[in-house]
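Only the coordinates and a few stated rules stand behind these numbers; no lab work does. Computed from a predicted structure; not experimentally measured. Here the Cβ positions follow ideal geometry from the backbone for every residue, glycine too, while neighbour counts run over all protein chains shown.
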Amino acid sequence: MLDSQANHGTLITLAKSRIDDMSDEKYLRVRIQSFHPKRPTTFDLYVLINGKYVLYRRAGDSFDDEKLAKLSQSSSEVFYIREKDRPEFKKYVHEQLNDSTLPSKEKALILRESSYALVEELFENPDVYQALDQSKEVIHNFVQFMEQEADGLSNLIGLSSHDFYTYNHSLDVCVYSLALGGASGYTKTEELMELGRGSLFHDIDKRHVSTDIICKKGPLDDVEWAQMKSHPLFGLQILNDYNEATDNMKACVFEHHENEAGNGYPQSLSGNEIHPMAKIVAITDCYDALTTKRSYNNPMSPTDAVNMMNEKLTARFDPDLLKALYSTLLQIKR
Ligand SMILES: [Fe+2]
Ligand SMILES: [Fe+2]
């Protein structure tokens, strides 16, 4: 949020803002880095100040150098666009992704940052089946980017948020899973779509687990554990009622807490009884948990996390996938 006095004053002067207090206008929250600073949007950008949406950048304007300097110091800033401009927003993102003159790194940033807004919406949508439908477009953007850009996924991985919100966690696990899936032989678009959607929604039922349990400092008691352990089964039930859910997607949801040694949940499957896509999600889920900043722990660095998983958690994960973490997530050739 832009809440400092300095920013507040500057914004109002720079944008010759008008206060937009039309109460029926709906807005979509988008991250600042969804937009290329030098490429004007075809829609207005707003900031939220004291509960009012204030025009910040008008359609057709680009950021000047002074604004750019300020923005580069505040990478977590959010903007708002009008709900009715959502198709224009998506069109803008697609145009940047299909622009052959834009470096892959800049495209990765735009893709990732713009996807947060869309994924946040998916996770806040009370209609889970509509969210599952809408996820196709988001995952398709990632799969297409992965297929079109040689360094696409490594650039995306380098941008991982390491912040904990369910949708950040889900998007990070999705990107890592696509990378690991690509490295372990899933190359067909259809399979990558299933892996992408299955991993994005691996914790689909966590919306029913209380946040007190999810964020609890210290061990869970028996009742809390029972609730936590129920999310793969209830997640599967959600997908069973979704006519587009495939077996691969269901496995990502139902089996991502199984482990190689057979002491995972809910079915205590071991080794090859576990679906290969679920093995991928299990390992990327753990990696993301270790490297993510939560209220109750300090995150590990990516290198420390991968080393620790290879040294101390070898019994839990597929050995080939464990090795592949070095080349996919750390981009280290071994
Ligand atoms: Fe889970
Ligand atoms: Fe998870």
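For Arg207 paired with Ala59, estimate the spin-label separation in nm (one decimal), with each label point 7 Å from Cα along the Cα-to-Cβ line.
Distance between the two pseudo-spin positions: 3.1 nm.
Ranked by Cβ crowding within 10 angstrom, fewest neighbours first, how are His140, His256, His36 ordered?
Ordered by Cβ neighbours within 10 Å, fewest first: His140, His36, His256.
Summing -39500 (n - 2.57) over the DSSP H runs of n ≥ 4 in the chain and dividing by its residue number, what mean residue ellipticity at 222 nm do you reach, to the nearest 500 deg cm²/dmol?
Counting only the DSSP helices, I get -16500 deg cm²/dmol.
Quick check: residue separation of Gln130 and Ser301 times 0.36 nm, minus the Cα distance between them. What number comes out in nm?
Length difference between fully extended and current span is 58.0 nm.
If you take the charge dipole of the chain about its Cα centre, with +1 on Lys and Arg Cβ and -1 on Asp and Glu Cβ, which of Asn243, Ser135, Ser268 is farthest toward its positive end?
Highest projection toward the positive end goes to Ser135.
Around Val173, what is the net charge, scoring Lys/Arg as +1 and Asp/Glu as -1 over all other residues with Cβ under 9 Å from its Cβ?
It works out to a net charge of -4.
Defining a contact as two alpha carbons under 8 Å apart and six or more residues distant in sequence, what relative contact order in percent does the chain show?
Answer for the chain is 12 percent.
Can you tell me the dipole magnitude for the stretch 225-334 around its Cα centre, using point charges on the Cβ only (Lys, Arg +1; Asp, Glu -1), in Debye to the nearest 20?
440 debye
Choose one answer from Pro37, Pro276, Pro232: the residue with the largest mean-square fluctuation in a GNM of the chain with alpha-carbon springs under 10 Å.
Among Pro37, Pro276, Pro232, the largest mean-square fluctuation in the Gaussian network model of the chain belongs to Pro37.
Of Lys279/Lys312; Lys136/Lys279; Lys136/Lys229, which sit over 24 Å apart, Cα to Cα?
Violating the 24 Å Cα-Cα cut-off are Lys136/Lys229.
Given R₀ = 51 Å, FRET efficiency for Ala315-Glu77 by Cβ-Cβ distance, to 0.05?
0.70
Once you list every other residue whose beta carbon is under 10 Å from the beta carbon of Phe43, what net charge do they have if Lys and Arg are +1 and Asp and Glu are -1?
Local charge sum for Phe43: +3.
Neighbour counts of other C-beta atoms within 10 Å: give me Ser170, Ser177, Ser230, Ser135 arranged from fewest to most.
Ser230, Ser135, Ser170, Ser177
Any idea how far apart Met308 and Glu106 come out in nm if each label point goes 7 Å out from Cα toward Cβ?
Roughly 3.8 nm, to one decimal.
Based on Cα coordinates alone, diagonalise the gyration tensor for the chain, multiply each eigenvalue by 5, take square roots, and list the semi-axes in whole Å, largest first.
36, 22, 20
Using the Cα centre as the reference, give the magnitude of the dipole from point charges on the C-beta atoms of the chain (Lys, Arg: +1; Asp, Glu: -1; all else neutral), rounded to the nearest 20 debye.
In total the dipole reaches around 880 debye.
Can you list the HN-Hα couplings for the stretch 305-317, worked out from phi with the Karplus curve (6.51, -1.76, 1.60; θ = phi - 60°), rounded to whole Hz and with x for Gly and Pro?
The phi angles translate into 5, 5, 4, 4, 5, 6, 9, 9, 10, 4, 5, 8, 10 Hz.
Could you give the length gained on full extension between Lys52 and Glu190, defined as 0.36 nm per residue of separation minus the Cα-Cα distance, in nm?
Gain on extension, Lys52 to Glu190, equals 45.4 nm.
What's the extension gain from Glu147 to Cys215 if we count 0.36 nm per residue and subtract their Cα-Cα distance?
20.8 nm
Taking the chain as a Gaussian network, Cα atoms linked when under 10 Å apart, which of Asp222, Asp203, Asp99 shows the biggest mean-square fluctuation?
Of Asp222, Asp203, Asp99, the most mobile in the Gaussian network model is Asp222.
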